[in-house]
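Below is one structure; the comments refer to it alone.
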Amino acid sequence: MLSDKMEKALNDQVNAEMFSAYLYLAMVAYFQDKNLSGFANWMNVQNQEETFHAMKFFRYIAERGGRVSLEAIEKPQFEWESPLAAMEAAQKHEAYITGRINDLVNLAIKEKDHATNSFLRWFVDEQVEEEDSVNEVVQKLRLLGSHGGGLFMMDRDLATRVFTPPAE
Ligand code: FEO
């Protein structure tokens, strides 16, 4: 059985993951508008991953006899100065989500909830990958600078990313 505090925090995380999906979907729209379909594809994979994360929390709450309660999803930003600015916003957002996961782990320890602590290990590891993949894109974009040809080559590259549900 989840404590009230833990249940509330896990429900808040469902909302945070759904917001992440929504934010990345806004970025899909931004990149589509810039005719960068590869970047849009890459972000759409992010969007799908976030929905997967939200559902993983959703299922877990129910499995532990908790009640999932869905709250309104905040409106995301939908315009950025440049592809780099959008990717940097995604990078910053992932660092924020990592902080939230760490806070959840701290709460699970405080509540002596070993099952939730164990469940959260998956997310601790997942966040390492999440931060790494967006960092890579940001670093490549910074290297390109204002080199337009490089941007289109990178767009072709990012078009190949496909969503494969992460191993659980
Ligand atoms: Fe669900 Fe990208 O963190």
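Please compute the length gained on full extension between Arg142 and Tyr96, using 0.36 nm multiplied by the number of residues separating them and subtracting their Cα-Cα distance.
Residue separation times 0.36 nm, minus the Cα-Cα distance, leaves 14.4 nm.
So what is log10(I(q)/I(0)) for the chain at q = 0.15 1/Å, when the Debye sum runs over its Cα atoms only?
-0.82
At 7 Å along Cα-to-Cβ for each site, give me the label-to-label distance between Ser37 and Ser118 in nm.
Calculated label separation equals 4.7 nm.
Ranked by accessible surface with a 1.4 Å probe, highest first, in what order do Phe163, Phe152 come?
Result, largest first: Phe152, Phe163.
Helix check for the chain. Which DSSP H runs span at least 20 Å along their own axis by Cα, with a mean Kyte-Doolittle hydropathy no less than -1.0? Could the numbers behind the result be given before it?
Details: long enough: 4-33 (44 Å, -0.13); 37-63 (38 Å, -0.54); 83-110 (41 Å, 0.05); 114-144 (46 Å, -0.46).
Long hydrophobic helices here: 4-33, 37-63, 83-110, 114-144.
The values are calculated or read from the model by the stated rules, or taken from the named source; none is laboratory data. Keep in mind that this is a model prediction, so the values were computed, not measured. Note that each Cβ is placed from the backbone with ideal geometry, even for glycine, and that neighbours are counted across all protein chains shown. SASA here: full protein model, heavy atoms, side chains in, ligands and nucleic acids out. Shrake-Rupley method; radii C 1.70, N 1.55, O 1.52, S 1.80 Å.
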